[in-house]
1. Name every residue in region 193-214 that is in contact (Cβ under 8 Å) with a residue 24 or more places away in the chain, over 14 Å from the mean Cα position of the chain (by Cα) and part of a loop (DSSP other than H, G, I, E, B), in order of residue number.
2. With the structure loaded, tell me whether K17 is over 30 Å from Q213 (Cα atoms), part of a loop (DSSP other than H, G, I, E, B) and among the basic types (K, R) or whether it fails that test.
3. For F91, are the conditions met, namely being touching a Lys or Arg at 6+ places or on another chain (Cβ under 9 Å) and within 28 Å of R268 (Cα to Cα)?
4. Can we say L194 is within 16 Å of I278 (Cβ to Cβ) and either in contact with a His (Cβ under 8 Å, 6 or more places away or on another chain) or modelled with pLDDT of 95 or more (or both)?
5. For region 216-235, give me each residue that is in contact with a Lys or Arg (Cβ under 9 Å, 6 or more places away or on another chain) and closer than 19 Å to G257 by Cβ.
6. Inside region 215-234, can you point out the residues that are assigned to a loop (DSSP other than H, G, I, E, B) and surrounded by fewer than 15 Cβ atoms within 10 Å (Cβ to Cβ)?
7. Being touching a residue at least 40 places away in the same chain (Cβ under 8 Å), buried (at least 19 other Cβ atoms within 10 Å of the Cβ), part of a loop (DSSP other than H, G, I, E, B) and of a type outside the set (D, E) is the filter here, so list the residues in region 151-192 that pass it.
Amino acid sequence: MGNNPRIPFVLADKRPKYPPLKGKPLMVHVVVNVESWPFDAPMPRKLLTAPHGLEAVPDIPNFSWAEYGLRAGMPRLFKMFRDKGIPASAFLGAGVVDDYPSVAEEIAKAGWEVVGHGLKQKSMQGEAKEEDLINLCLEKLEKFYGKRPKGWLGPGLKETHDTPDILKKAGCTYLCDWVVDDMPHWMTTKHGPLVAVPYTIELNDSVLWAVQQHASDEMYKRFRDTVDVLGEEAKTNPKVLTIALHPHLIGVPHRIGYLARMIDELKRRNDTIFITGIDVAEWFAKVEPSSSK
């Protein structure tokens with residue numbers, strides 16, 4: 001069984017052989033993490049440190065770094081995906097509907113899938129009443145969009161021991177925090193099975209540029225190498241290629257063009273299909289029904 005308390009261990013090449021979705025074995029999931037960063041609290045992540053280490057609130061440069069993505073980066077992403085005709089998943093902090101309603105409205109107009117992603121950009125591990133907060137987030141998004149999200153990604157992929165149980169009880173059918181494979185898995189909760197939909201911390205602009213501080217072309221180079229491997233493996237069993245984006249990182253002028261190249265190269269392949277999170281979860285539930293109720 002392994003040491004994982006939620007997902008039984010299995011070698012990737014020992015998984016059952018699954019029929020590909022619509023005959024396309026390389027499923028491309030483009031994710032845009034849309035977040036509200038708290039103005040009156042320490043920033044979730046910093047690009048610019050304070051002189052002499054004297055950090056204080058408000059943190060104008062780092063707050064502005066994030067808000068630039070919402071103001072200038074999001075329009076670039078909306079236009080690119082619209083022009084190229086691809087779907088996307090908005091991993092949406094529910095606070096965005098109050099703090100940046102015009103962004104939330106454009107997501108609705110674009111037809112992106114809405115996935116729960118906390119309230120403000122803050123780890124779930126620091127919340128005293130996690131279940132209340134998760135329900136608040138899902139209800140706020142349901143009220144705004146008229147549809148309750150079926151998926152969830154924790155801010156920073158952080159969870160408590162209870163998070164999957166709470167999400168299943170709240171009506172979610174899939175969770176993206178568990179980056180253990182390039183294919184979905186069933187995970188156990190107290191309230192029934194939940195699909196672990198693949199996410200990524202390797203092809204993730206926050207990791208590449210905010211944490212590892214690579215050059216602007218690094219995501220494109222890493223993408224090419226990733227597609228070489230997953231494309232070959234997908235000949236024997238479908239794979240999910242997740243591209244994780246944040247508008248303040250990918251949406252800046254010196255990086256946005258690399259994303260366009262990535263999408264164009266994927267569209268030229270004959271083995272790819274662009275999907276959203278719920279597409280992956282529903283496909284997996286069909287090809288490998290859960291043995292649990």
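1. P193
2. For K17, the condition - over 30 Å from Q213 (Cα atoms), part of a loop (DSSP other than H, G, I, E, B) and among the basic types (K, R) - is met.
3. Details: touching a Lys or Arg at 6+ places or on another chain (Cβ under 9 Å): no; within 28 Å of R268 (Cα to Cα): yes.
No.
4. Values: within 16 Å of I278 (Cβ to Cβ): yes; either in contact with a His (Cβ under 8 Å, 6 or more places away or on another chain) or modelled with pLDDT of 95 or more (or both): yes.
The answer is yes for L194.
5. Listed by number, the residues that qualify are S216, D217, M219, Y220, F223, V227.
6. Passing the criteria: A215, D217.
7. Result: L153, C172, T173, C176, W178, M183, P184, T189.
To keep it simple, each residue is scored yes or no on (1) in a loop (DSSP other than H, G, I, E, B); (2) at pLDDT 95 or above; (3) buried (at least 22 other Cβ atoms within 10 Å of the Cβ).
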residue: N237; (1), (2), (3): yes, yes, no
residue: H254; (1), (2), (3): no, yes, no
residue: G257; (1), (2), (3): no, yes, no
residue: R261; (1), (2), (3): no, yes, no
residue: D264; (1), (2), (3): no, yes, no
residue: N270; (1), (2), (3): yes, yes, no
residue: I273; (1), (2), (3): no, yes, no
residue: K286; (1), (2), (3): no, yes, no
residue: S292; (1), (2), (3): yes, no, no
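The values are calculated or read from the model by the stated rules, or taken from the named source; none is laboratory data. Quick caveat: nothing in here was measured; it's all calculated off a predicted structure. For neighbour counting, all protein chains shown are included, and Cβ atoms are generated from backbone atoms with ideal geometry for every residue, glycine included.
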